[in-house]
Amino acid sequence: MTTLVSKTASPRSVSGWRSAQTKRAFLTVLGWSVALVIFFPIFWMILTGFKTESAAIADPTLIFSPTLESYQAVQERSGYASFALNSVAVAFGSTFLALLIAIPSAYAMAFLPTKRTKGTLLWMLSTKMLPSVGVLVPIYLIFRDVGLLDTRTGLIIVYTLMNLPIVVWMLYTFFKDMPKDILEAGRMDGASTFQEVFYLLLPLTLPGIASTGLLSVILSWNEAFWSLNLTTSNAAPLTAYIASFSSPEGLFWAKLSAASTMAIAPILILGWMTQKQMVRGLTFGAVK
């Protein structure tokens, strides 16, 4: 009887195994296909940067004679290092300031909620729905009057305010997943609020904080609207550097591609090196 049952169940298990393998293969192919579609514009931009201007327009093929002519022209026109330094200072400075404000705010909302906590969170998120151009004129006039136009400090303030709702929301979610018993045990041992946050909460939610910081850096690095309208030369980041290759004569595709490749290279390398930490942080608390 046992033999009969095993023989009867065997085809079903084999069929289920084959179905699972087929599904896994399909999802793998689908995932790689979507990834290639998303990455193809970046790949094409990198290739175009190694072409001449004539080849970039008239010869849209994968086989060509590579040249560094466009990169040399970009370097001769303007200094890449100063723009890159501005991007690093503004992106990391605004991220540090946003985390400095968001950590205590998210702590208070997660562990000391009131009737207005949800309303405050929704109000903060609603500010992201406001078009940036709607507040451009008042911010420009304020910055002009206080001397913050074309300064790193001005961009850091704007980028901090721009990313703060997302940073607070993400940290609030991570803190909300923390078991309150750990913090209560710290209070019973005499820990102050600062010690509770610094020695208990931050180490346990470090993956979430790291992923939030990385996301804020990426958003700040890619921001173009405010950098083009609030800077000219002194504090202009790489987004303004790329826009400078658009002229009334038209777009210089090879030079624009070379400049764009140089601009996205640091953030691509950073994202590649920290992808495990980012995925781990974004899925923090998802599996109980």
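If I take every Cα pair under 8 Å that is 6 or more residues apart in the chain, average their sequence separation and divide by the length, what percent do I get for the relative contact order? Can you show the working numbers first?
Details: 252 pairs, mean separation 84.7, N = 288.
This gives 29 percent for the chain.
Mean projection of the alpha-carbon convex hull of the stretch 58-175 over all orientations, in nm²? Don't skip to the end; give the middle numbers.
Values: hull surface 49.4 nm².
Dividing the Cα hull surface by four gives the mean projection, 12.4 nm².
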Of the labelled options (i) 1, 5, 11, 14, 16, 14, 13, 10, 8, 5, 2, 1, 0, 0, 0; (ii) 1, 5, 9, 11, 12, 12, 11, 10, 8, 7, 5, 4, 3, 2, 1, 1, 0, 0, 0; (iii) 1, 6, 12, 16, 18, 17, 14, 8, 4, 2, 1, 0, 0, which one gives P(r) over Cα pairs in 5 Å bins from 0, in percent as computed for this structure? (ii)
Taking all protein chains in place and a 1.4 Å probe, what share, in percent, of the accessible surface of the chain do carbon and sulfur account for? 70
Extension gain (nm, one decimal) between Tyr199 and Ile101, 0.36 nm per residue minus Cα-Cα: 33.5 nm
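Can you tell me the dipole magnitude for the chain around its Cα centre, using point charges on the Cβ only (Lys, Arg +1; Asp, Glu -1), in Debye to the nearest 20? Don't skip to the answer; put the middle values down first.
On the way: 20 positive and 13 negative charges, 286 e Å.
In total the dipole reaches around 1380 debye.
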Just how many pairs of Lys in the chain have C-alpha atoms closer than 24 Å, counting pairs that are eight or more places apart or on different chains? 13
Quick check: Cα centre of the stretch 36-67 to Cα centre of the stretch 108-140, how many Å? 42
Distance from the Cα centre of the stretch 150-169 to that of the stretch 198-216, in angstrom? 19
Would you kindly derive the ³J(HN,Hα) couplings of the stretch 188-197 from the backbone phi angles with the Karplus curve 6.51 cos²θ - 1.76 cosθ + 1.60 (θ = phi - 60°), listing them in order in whole Hz, with x for Gly and Pro? 5, 7, x, 6, 6, 4, 4, 5, 4, 6
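Would you compute, from DSSP H runs of 4+ residues alone, the mean residue ellipticity of the chain at 222 nm, taking -39500 (n - 2.57) per run and dividing by the full residue count, rounded to the nearest 500?
Numbers: 13 runs with 208 residues, N = 288.
Dividing the helical sum by the residues of the chain leaves -24000 deg cm²/dmol.
Given a 1.4 angstrom probe, what's the average accessible area per residue across the chain, in square angstrom? Could you put the intermediate results ahead of the total?
Numbers: 17590 Å² over 288 residues.
Per-residue accessible area for the chain comes out at 61 Å².
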At what distance in nm do the modelled label points of Phe92 and Met129 sit from each other, each positioned 7 Å from its Cα along Cα→Cβ? 3.7
Full extension between Ala35 and Gln275 adds, at 0.36 nm per residue less the Cα distance, a length in nm of 84.9 nm
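The values are calculated or read from the model by the stated rules, or taken from the named source; none is laboratory data. All of these numbers come straight from a predicted model, not from anything done at the bench. Virtual Cβ from ideal backbone geometry, glycine too; neighbours counted across all protein chains shown. In case anyone asks, the SASA skips ligands and DNA or RNA and just uses the protein heavy atoms, side chains included. Shrake-Rupley method; radii C 1.70, N 1.55, O 1.52, S 1.80 Å.
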